[in-house]
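**Student:** Below is a structure I'd like to ask you about.
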Amino acid sequence: MYYKNISYLISHIFVMLFIYLFIESRYTKRKAAAICSASFLAITIPNILKLNIFPDSKLCYFLVTIYQIIMTQFTGVFISKMRDSRALFVGLSGSNYVIAGSIMAAVLHIYTGNLYICTVGCIITHIVILYILYTRIHDIWIGYQKEETMNSWWKLCLIPVFFYCGFSIFAFFPYTLDEHPENIPGVLMFIIAMFMSYVIMMQYVSGEARQISLSWQNRLFESYIEGLENQYHLVGQSEKNLRILRHDIRHYSSMIDSLLEQGAYPEIKKVTEHINSVTEENKSIRYCSNLVVNTMFSSLMEKARSLDIEMQCDISVAEEIPVDSYEFAMVVANLLENAINSVKDLGKHRRLVKAKVHCASDYLLVDIKNEYDGEIIFDAQSGLPKSRKGKNHGLGMQSVQAFSDKISGNIGCYCEGNRFHIMLFAK
C-alpha cells in the first residue's frame, strides 16, 4: 500500500512537471506553476479514496481515475496559450510517458520487493525519461504550439489515447502486474512500441510541416519573381516609349514654335496635353515603400487589370517594418488573391475589391472587402472561410491564421448581404 501511494504521488508530480515544461503557457511562469501545483493537489488527494479507503472497489478506482484524467488534461488546456488540440495532445502524451515510468517502477517492485529500491528506481526512471524528452523534443513541441502548420492534431490525439488505454488494461485495470507478472514482457514491448511510434510520428509531422513551408516559400518567390518580371517589362516599355518621345520632342518643339507664330494657342494646348499624357502613361507606379510588398502588389494589380477588376487600394507600408516582409507580403497576397478570385466571374459593375493595407512601427492593418456569389463555408474552430475544393486547398487561409497567431493579432470576417469583409489587426 505504501508503494502504491508513493508511486502515484511521484507520477502526479512528474505529469504536472511535464505539462508545465512542454505547454506554452498564457500565464507567467509563477502563475502557471501555481496552477499546476493546485491541480496536483486536486488529483492526488482522491488517491486516498481508491488506494486507502476503498482499495478493493473497482468502481471507485475507475471513477477516481476518470476524474484524475479529466483534471490533468483540463490543466494542460487551461494554461495553454492557444487552448486547442495541440495542448490536449501534449497533455495526453505526458500522461503516457508518466505511466511508462510508473510501469517500470512496478516491475522493479515485483522483482525486488524493496520499497526503497522501487522508489529510487521510479524517480530515476521519470527523471531520465523527462530529461531525454526535454532535450530532444521540447523545442519542437513548443514550436508546433506557436505556429500551426497542419490541422490534424485532433486525429493525432487518438494515438496517446489508445496507448494510455492499452497501458491501463495491461498493467493496472482490471488486473495489476502484481497479479499477472507474466504480462511484464508484453508491457515492456508496448512501451518500446510507444516510443518508436512517437519518434516516427514526430518525424512525419516535421516532414509535412517542412513540405508545406517549402511549398509556401516556393509560391512566395514565384509570385515575387513574377512581380519583378512585370515591373521589368513595364519599365522597359516605359523607357522605350520615353525614348520615342525624346526623339520626337524636337518635332513637337518645331510644331509649337510654328503654332505660336500663328497664334493658335488652343492647338498648342492640345500638343502639351498629349506630351503630358504620354509621360503620365509611362510613369512607373509605386504602391508603397517596401520593395517586397510593392512587388507583390504590382503582380496582383496586373492580374486584376487583366480580369477587368477595379482595385480601390489604400496602401501604406514603410520600407522597414516590424514583421517579416515576405510573410506579410504572402498574407496580403493570399487575401487579395482570394478577393480577386471571388469577383472575377461577377458582372462588370460588381468586379470591385477594396483594400486597406497599413503597416507602420506601432500597428498593422489589412482590411479587404469584396462582393461574392454562392455560399461561404466557415471553419468551426477558426471562424475563417474554408475551401470547398478539397484537402490540398485552403492552405492560404491557414497561413494567414498562423501569421496572425505569430504576431498576436486579431483576425475576423463576416458576410453582409453579398459583401465579404475580412480584417487583420495587430499592435
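Nothing in this text is a laboratory measurement; each read-out follows from the coordinates by a stated rule. All figures in this text were calculated on a predicted structure; none of them were measured in a lab. So basically every Cβ, Gly included, is an ideal-geometry build from the backbone, and we count neighbours across all protein chains shown.
**Student:** Once you list every other residue whose beta carbon is under 11 Å from the beta carbon of HIS109, what net charge do they have if Lys and Arg are +1 and Asp and Glu are -1? It would help to have the intermediate numbers written out before the result.
**Tutor:** Details: positive: LYS4; negative: ASP178.
Once all neighbours under 11 Å are counted, the net charge is 0.
**Student:** With θ taken as phi - 60° and the coefficients 6.51, -1.76 and 1.60, list the Karplus ³J(HN,Hα) couplings across segment 25-39 in order, rounded to whole Hz; mark glycine and proline as x.
**Tutor:** Here the 3J(HN,Hα) series is 7, 7, 10, 5, 4, 5, 5, 4, 5, 5, 5, 5, 5, 5, 5 Hz.
**Student:** Output the Kirkwood hydrodynamic radius of segment 286-427, Cα pairs only, in Å rounded to one decimal.
**Tutor:** The answer is 15.5 Å.
**Student:** Got a sec? How would ARG83, ARG351 order by Cβ neighbour count within 10 Å, fewest to most?
**Tutor:** Exposure proxy ranking, most exposed first: ARG83, ARG351.
**Student:** Now a separate question. Kindly put ILE249, ILE23, ILE69, ILE43 in sequence by how many other C-beta atoms sit within 10 Å of each C-beta, fewest to most.
**Tutor:** ILE249, ILE69, ILE43, ILE23
**Student:** For a quick check: sort LEU133, LEU291 by the number of other beta carbons within 10 angstrom, fewest at the front.
**Tutor:** Starting with the residue having the fewest Cβ neighbours, the order is LEU291, LEU133.
**Student:** Could you list, bin by bin from short to long, the percent of Cα-Cα pairs of segment 2-179 in 10 Å steps?
**Tutor:** The calculated distribution, bin by bin, is 9, 37, 37, 15, 2.
**Student:** Something else about it: Apply the Karplus curve 6.51 cos²θ - 1.76 cosθ + 1.60, θ = phi - 60°, to the phi angles in segment 297-311 and return the couplings in whole Hz, x for Gly and Pro.
**Tutor:** 4, 4, 5, 5, 5, 5, 5, 5, 5, 5, 9, 6, 9, 7, 10
**Student:** Taking the Cα atoms of segment 36-126, what is the range of coordinates along each of the three principal axes, in descending order and whole Å?
**Tutor:** Computed over the Cα atoms, the extents are 45, 30, 20 Å.
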